[in-house]
Amino acid sequence: MAGIGLIIIKRLGLGLLTMLMVSILIFGAVNLLPGDFAQAILGQGATPEAVQAIRRDLGLDQPLVERYFTWLFGVLQGDFGNSFAELNFSSYGGTTASANFGSVADKLAPRFNNTMFLAGVTALFAVPVSILIGVLAALYRNSIFDRVANITTLTSISSPEFFLAYILILILAVLNPILPSLSNIYDGMDFADRLERSMLPALTLTLVVTAHMMRMTRAAIINLLASPFIEMARLKGLSPFRVILFHALPNALAPIINVVALNLAFLITGVVVVEVVFVYPGIGQLFVDSVKIRDIPVVQACCLLFAAAYILLNLTADIMAILSNPRLRHPK
Amino acid sequence: MTEKEPLVRIRNLNIIGITDETEVPIINGVDLDLHRGEVIGLIGESGAGKSTLGLAAMGFTRDGCHIRGGEVTFDGIDLVDAGPEIRRELLGKRIAYVAQSAAASFNPAHRIIRQHSEAPMVHSVMPRQQSEEDAIDLYNRLRLPNPEEIGFRYPHQVSGGQLQRAMTAMAMSCRPDLIIFDEPTTALDVTTQIEVLAAIRDIVSQFNTAAIYITHDLAVVAQMADRIKVLFRGDEVEEAATGTMMKSPKEEYTKSLWAVRSFQRKQKPLAKKGEVPVISLQSVTAAYATTPVLREVSFDIHRGRTVAVVGESGSGKSTAARCITGLLPPLSGQVLNNGNPLPASFRQRNREQLRQIQMIYQMADTALNPRMKISEIIGRPVEFYLGLTGNEKKKRVFQLLEQIELDPAQYYNRLPTELSGGQKQRIGIARALAAEPEFIICDEVTSALDQLVAEGILKLLAKLQDQMDLAYMFITHDLSTVRAIADEVVVMKDGEVVESGAKNKMFKPPHHPYTDLLLSSVPEMDENWLDELLDQRGVENIGDAAVSKMAGN
């Protein structure tokens, strides 16, 4: 087991290095975006002097490298900077923009919690369901059930997310008013309400992520069915279900875990469209809004968060894949 | 044992395989009777249908195979028409199976004893606790080391021979009436094979279990079976009691199987003193990363001679070959070619040095690029080493194909997948010859082939050696191959040369104790061989036990 500890530490170190690279990429890319915040916010009244003043106040007139390091050291101390949008520009004539107004962290935290809540609800539902359907599809492969499962999940993953969302709204909110079509959750809402309002987006996302996980489960299991140890299990007179559950599935875990991790990462980082449709106040919406108004500190923080989610989830998947392999758990 | 009704009764069984919509007959109307407590040996080359027949006795067919006609009854139960529930009720409980590779047939994700107690639990024969106690008792009877503890390991933590015995114990877990042994010792070293054979025979007679023993090794089946049935391409050739079959086989085919073992080449005299060897290893020491594999290995190979390097898996035979080819640069020591030291790594060797040393591999299947035509496979070294192109190259490839006794016009444009195993191995030989080397390493070149085909390859290699004065390093664990082709023998154990010398000396006592162990472990075509050996050595002194005892001395 000491080996695994070492692997985790190594991977964490590599993860940090990746984060550093990502931070450079993000910073570079965001600052390459055309247009700038000062011009965007001043709109019609953007006189060169006013633009200049705002740029100076925000430090946008400093060289890129210097700004990167200022930002990086801030981030390392847990300070993601201040959101441009929250600053007070009523007197944009050039007075100091007051600090401590709206820090990025304050703005991000509730949104991040909401996103994690939605991702969590979806995952708790989607992961077991997909794996179960995958196991059943492998068990009854090439049967009607298998085909229906495959076609349904493929259809749902191939359709645009907003389309799925509207169909669900039509069925579950308009024709049969069971669930609310809007998911405007806020702080201090009780858990049951929150859950009810998150239900439709969670269902939509489930439809989006099920196909991958289900098909990988099915394929990984079927891949093993020609193995001698599966034949052995059959020749012991075990039922097909037991053969698949006890003999195939434990050996198919590694690829399944990896696909689950990728889909969980998608749930955290890629759900903008669904959030917009259901007006769900998640991090994706904040991200898109911030890009629109060139609110660079928020955009950077979001990107960094997304990168961290990917890295951590993949690390977890690697570790779990190692734990699922007895050769690595119990070396000779 | 003259019961009215046999335990297994197979009549006129026909099984076909379906690949790409075409039907291939696998078993053509075979009959078989097996009484309680009796052991029948099924023997034949690959493709004879022995495994299919063995599995059919369990009412089981592999994917793609179908029972076309005939009947299979087990204890009066019709297995052909039985539904899956009825068959499942019998499998594991009354009919058990021991597979060829225990390492592949144990589930890598569960502990051995968990897998042992699974069938008794599912079939409600006994609860897990009791079955685990029984497992330990069986491990004891099968003389597994640490019987109390070994079951709680995962399969990858246990050696091949021990796993094979654990699998035999697993087959016994419900005390079945019938066990199918499907080549249970084929993947094992000779010394390990003995202890598995002895263990299987013991336990089968202790519980009076009937068994079908499938193998391609005549000497093995002679030790195990009461009766032998010979199969050839899905047809029964003949069946007789073991003694009769060994002494006086009736059919030509059976006789040809028996005769394979008699091929023997005349041994050439040792090279003269002072003659420079083609290849000379001088205290070569090598390691994979930090694991030492070779220690101070030295031997010479002379022009026109065959040096057989023998030893069990892990003894360093193939590593020595890797050092000679430069694939694994040795840590110390050197390899001389005609007296000139070769650079340690193949990367530093020039084309001429590379040309002199060629290899033929064990698995012709994986050693030939499946997407290249025969003309390209053989043509590439011709072009690379000899610089021939165009018509000259084609002419040379034709010559080479003639040398390996394949019709050039017919095979020139084929792909490896269109060839049989023996033909593929011949292409491997032609590829090695294409470089016109002085020295060829043959790494277990016949061990994946049937005996008749293997004999053809050995004869071809012998003929080529005589024509071209080639030197061979022949890596093998099969001592009958050594007897057939070698001039000199090098015995290796744990990365060291234990003994070496001319073949006739090596096959005569006195031996180094390890050579003796290897030699005496090769099953002989005598049905009493195993009994006599066990009497001589005692059950405690075979296989792993004997090897480790020797290491202690």
task = Scan segment B:374-404 for residues that are of a type outside the set (S, T, Y) and farther than 28 Å from B:I475 by Cα and report the count.
result = 11
key: Filter result for B:Q223 (assigned to a helix (DSSP H, G or I) and either touching a residue at least 24 places away in the same chain (Cβ under 8 Å) or crowded, with 18+ Cβ neighbours inside 10 Å (or both))   = yes
Pairs with Cβ under 7 Å, 6+ apart, first in segment B:316-331 and touching a residue at least 40 places away in the same chain (Cβ under 8 Å) and within 17 Å of B:V490 (Cβ to Cβ), second of a type in the set (G, A, S) and not in a loop (DSSP other than H, G, I, E, B) = B:T319/B:A286; B:C323/B:A286; B:P330/B:A286
ask   = So, in segment B:143-162, of the ones that are modelled with pLDDT of 90 or more and of a type in the set (A, V, I, L, M, F, W, C), which residue ends up farthest from A:N251 (Cα to Cα)?
value = B:I150
query = Taking into account only those residues within segment B:111-139 that are more than 19 Å from A:R234 (Cα to Cα) and in a loop (DSSP other than H, G, I, E, B), which is nearest to the other protein chains (Cβ to nearest Cβ)?
reply = B:M126
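Suppose we filter segment B:74-110 for residues that are part of a strand (DSSP E or B) and at the interface with chain A (Cβ under 7 Å from one of its Cβ atoms); how many remain? Walk me through how you get there before you give the answer.
If we filter segment B:74-110 for residues that are part of a strand (DSSP E or B), which is where we start, we get B:74, B:77-78, B:91, B:95-98.
Subsequent filtering for residues that are at the interface with chain A (Cβ under 7 Å from one of its Cβ atoms) retains B:91, B:97.
The number of residues fulfilling the criteria is 2.
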query = In segment A:56-81, how many residues are part of a helix (DSSP H, G or I) and either under 18 Å from A:V22 (Cα atoms) or at pLDDT 80 or above (or both)?
reply = 14
key: Filtered residue count, segment B:72-95, keeping only those that are closer than 20 Å to B:M172 by Cβ and touching a Lys or Arg at 6+ places or on another chain (Cβ under 8 Å)   = 4
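Every residue, every condition in (1) at pLDDT below 90; (2) in a strand (DSSP E or B); (3) crowded, with 16+ Cβ neighbours inside 10 Å, yes or no:
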| site | (1), (2), (3) |
| --- | --- |
| B:R355 | no, no, yes |
| B:M359 | no, yes, yes |
| B:T366 | yes, no, no |
| B:E376 | no, no, no |
| B:P381 | no, no, yes |
| B:F384 | no, no, no |
| B:E392 | no, no, no |
Helices (runs of 4 or more DSSP H) wholly inside segment A:246-332 that include at least 3 residues being surrounded by 20 or more Cβ atoms within 10 Å (Cβ to Cβ), in contact (Cβ under 8 Å) with a residue 12 or more places away in the chain and away from chain B (no Cβ under 14 Å) = A:253-269, A:272-278, A:283-292, A:296-323
inquiry  = Which of the numbered conditions does B:T61 fail, given that it passes all the others? Conditions: (1) of a type in the set (S, T, N, Q); (2) more than 9 Å from chain A (Cβ to nearest Cβ); (3) not in a loop (DSSP other than H, G, I, E, B).
reply    = (3)
note = Just one listed residue, out of A:V174, A:V209, is of a type in the set (V, I, T) and touching a helix residue (DSSP H, G or I) at 6+ places or on another chain (Cβ under 6 Å), and it is A:V209
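Among the aliphatic types (A, V, I, L, M), in a helix (DSSP H, G or I) and in contact with a Leu (Cβ under 6 Å, 6 or more places away or on another chain): which single residue out of A:A29, A:A50 fits that description? Before the answer, list the steps.
On the way: A:A29 fails: in contact with a Leu (Cβ under 6 Å, 6 or more places away or on another chain).
Going through A:A29, A:A50 in turn, the sole match is A:A50.
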message = If I ask for residues that are facing another protein chain (nearest Cβ under 7 Å) and of a type outside the set (A, V, I, L, M, F, W, C), which ones from segment A:228-238 would you list?
response = A:P228, A:K236, A:G237
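The values are calculated or read from the model by the stated rules, or taken from the named source; none is laboratory data. In this text, all values refer to a predicted model and were calculated from it rather than measured experimentally. Glycine also receives a Cβ, built like all others from the backbone with ideal geometry; neighbour counts cover every protein chain displayed.
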